[in-house]
Amino acid sequence: MNINQFIFTRTQSKKKIEAIENLSNDELLDVTESTVKKMIQEVGQRRYKSRDKDLRIDYDRRCGNSWNSTVESVNLVKGKLYVSFYIQYENTDTNTSDDYDNFFKRSNYRGEIRRLDRHGNGRTYYFCYDESDKARVMKSILLEYVYSKYADKLKEA
């Protein structure tokens with residue numbers, strides 16, 4: 001099954017959710033950038049009175065690296081995609097973002113943030129995602145699209 005086409009078909013929302021849940025990691029990582037852009041354009045929230053949009057992942061569907069970060073949203077800013085992260089580190093937490101292409105390329109991802117530690121010393125903190133982590137993130141993005149687009153139909157059932 002080609003998820004890039006199937007996600008936009010006139011199939012029942014429950015069947016789409018079932019299909020997404022059954023995708024392999026490779027199938028999830030084969031979702032194209034143009035598919036994600038189209039999903040954000042359809043159901044994303046406008047930001048700051050501009051044309052830019054965010055697809056915010058519901059708290060219960062957010063995925064991360066099972067360690068120190070989760071993916072909060074995918075953002076379409078001036079035609080370019082970004083992934084937004086929530087990161088916890090030694091004395092507080094923060095948010096950051098990175099290019100969609102950089103995050104979803106076929107290899108392990110290592111993000112970093114530079115902050116002061118509790119003693120005022122500059123430190124670099126890392127958050128890493130392997131391919132299975134990225135596949136879970138893509139699954140949560142696809143599910144968020146379906147739950148957002150078909151919210152009324154899913155409530156009725």
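The values are calculated or read from the model by the stated rules, or taken from the named source; none is laboratory data. Just so it is clear, the structure is predicted and the values come from calculations on it, not from any experiment. Positions of Cβ are backbone-derived with ideal geometry, glycine not excepted, and every protein chain shown enters the neighbour counts. The protein model used for the area step is the full one, side chains on, heavy atoms only, and it has no ligands, DNA or RNA in it. Shrake-Rupley method; radii C 1.70, N 1.55, O 1.52, S 1.80 Å.
Annotation note: Cβ proximity below 6 Å between a residue of the range 97-114 that is within 18 Å of Asn25 (Cβ to Cβ) and free of Cβ contacts under 8 Å to residues at least 40 places away in the same chain and a residue that is open to solvent by 40 Å² or more (accessible area, probe 1.4 Å) and not in a helix (DSSP H, G or I) (sequence gap 6+ or interchain) occurs for Asn108/Asp130. Within the option set Tyr125, Tyr150, Tyr48, Tyr145, being at pLDDT below 95, touching a helix residue (DSSP H, G or I) at 6+ places or on another chain (Cβ under 6 Å) and not hydrophobic (A, V, I, L, M, F, W, C) holds for one residue only, Tyr150.
Contact map, the range 49-63: first residue within 11 Å of Asn75 (Cβ to Cβ), second residue open to solvent by 40 Å² or more (accessible area, probe 1.4 Å), Cβ cut-off under 7 Å, separation 6 or more or different chains; pairs are Asp52/Lys78; Lys53/Gln41; Lys53/Gln45; Lys53/Arg46; Lys53/Arg47; Asp54/Gln45; Asp54/Arg47; Arg56/Gln45.
Scanning for something assigned to a helix (DSSP H, G or I), within 15 Å of the chain's Cα centre (by Cα) and surrounded by fewer than 17 Cβ atoms within 10 Å (Cβ to Cβ), does the range 117-130 turn up at least one residue? Talk me through it step by step, then tell me what you get.
Filtering the range 117-130 for residues assigned to a helix (DSSP H, G or I) gives none.
Checked the range 117-130: no residue is assigned to a helix (DSSP H, G or I), within 15 Å of the chain's Cα centre (by Cα) and surrounded by fewer than 17 Cβ atoms within 10 Å (Cβ to Cβ).
Annotation for the range 71-86: no member residue is surrounded by fewer than 18 Cβ atoms within 10 Å (Cβ to Cβ), under 16 Å from Ser140 (Cβ atoms) and charged (D, E, K, R).
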